[in-house]
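S.K.: Sharing a structure here in structure tokens format.
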Amino acid sequence: MPADWKPVKRRQKHGKSHYGYKLTVNVDKRYKFIRKIVTDTTSLCFTIPPYGQQRDYTQGIADWDALMRGVFANLPMAMDGQVLVNLGLIHRDNEVMPYWDGWLDWMRANGWRRFGWYVWDQGSGMPGDWAGRLASSFEFVFHFNRQSRKPDKIVPCKYAGQESHLRADGSSTAMRGKDGEVGAGAMPGSPRRTSASRTA
């Protein structure tokens with residue numbers, strides 16, 4: 001990769017811009033190992049690390065905080081990069097364990113603002129015995145950044161204005177028509193699909 005390429009050019013592949021970062025890998029053909037990896041900075045990182053020490057991983061995780069600090073200290077992020085981290089709850093001894101507290105403090109001490117804390121709603125929850133608690137039906141997404149930036153909305157939807165799901169008779173399954181009218185299978189004012197018997 002030429003040294004004079006700007007970051008935007010470095011994130012391109014065959015002339016098209018891509019989110020994320022571009023890896024350049026130098027592999028030794030004879031001995032089959034990687035000699036060198038060069039990365040460019042990225043503007044977005046969305047990751048789902050292990051939830052504390054909830055599962056038995058092959059090699060085990062002796063220190064979750066050390067793992068997280070090691071990974072996030074080496075992220076190839078641009079100055080306006082956005083980092084989103086999905087974490088779920090862990091219960092031990094009938095209590096919620098806020099295993100992320102030390103790591104959150106470390107992120108903040110290293111210049112990463114706690115820009116947002118979102119709830120990822122996963123529907124009606126998992127069936128099973130939850131020891132008296134309601135079924136787990138969400139996870140958290142922690143959003144960090146050093147600078148605010150507006151999301152890039154530059155990629156047009158390739159399906160915009162098209163009927164992509166048609167019934168055998170040719171009618172649409174879309175909840176709204178091209179004119180914006182709510183279809184018979186949708187509840188007005190709601191993005192959720194309902195059966196005709198529930199709307200009658």
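S.K.: Quick one: if you stick a label point 7 Å off each Cα along the C-beta vector at Trp106 and Gln122, how many nm between them?
M.R.: 2.4 nm
S.K.: Could you give the length gained by full extension between Ile90 and Thr41, i.e. 0.36 nm per residue of separation minus their alpha carbon distance, to one decimal place?
M.R.: Between Ile90 and Thr41, full extension yields an extra 14.4 nm.
S.K.: Which sequence of Phe142, Phe115 reflects their accessible areas, 1.4 Å probe, from the largest down?
M.R.: Final ranking, largest accessible area leading: Phe115, Phe142.
S.K.: How would Phe138, Phe144, Phe46 line up by accessible area, probe 1.4 Å, largest first?
M.R.: If we order Phe138, Phe144, Phe46 from most to least accessible, we get Phe46, Phe138, Phe144.
The values are calculated or read from the model by the stated rules, or taken from the named source; none is laboratory data. This is a predicted model, so every value here is computed, not measured. Here the Cβ is made from the backbone with ideal geometry for all residues, glycine too, and neighbour counts use every protein chain on show. The protein model used for the area step is the full one, side chains on, heavy atoms only, and it has no ligands, DNA or RNA in it. Shrake-Rupley method; radii C 1.70, N 1.55, O 1.52, S 1.80 Å.
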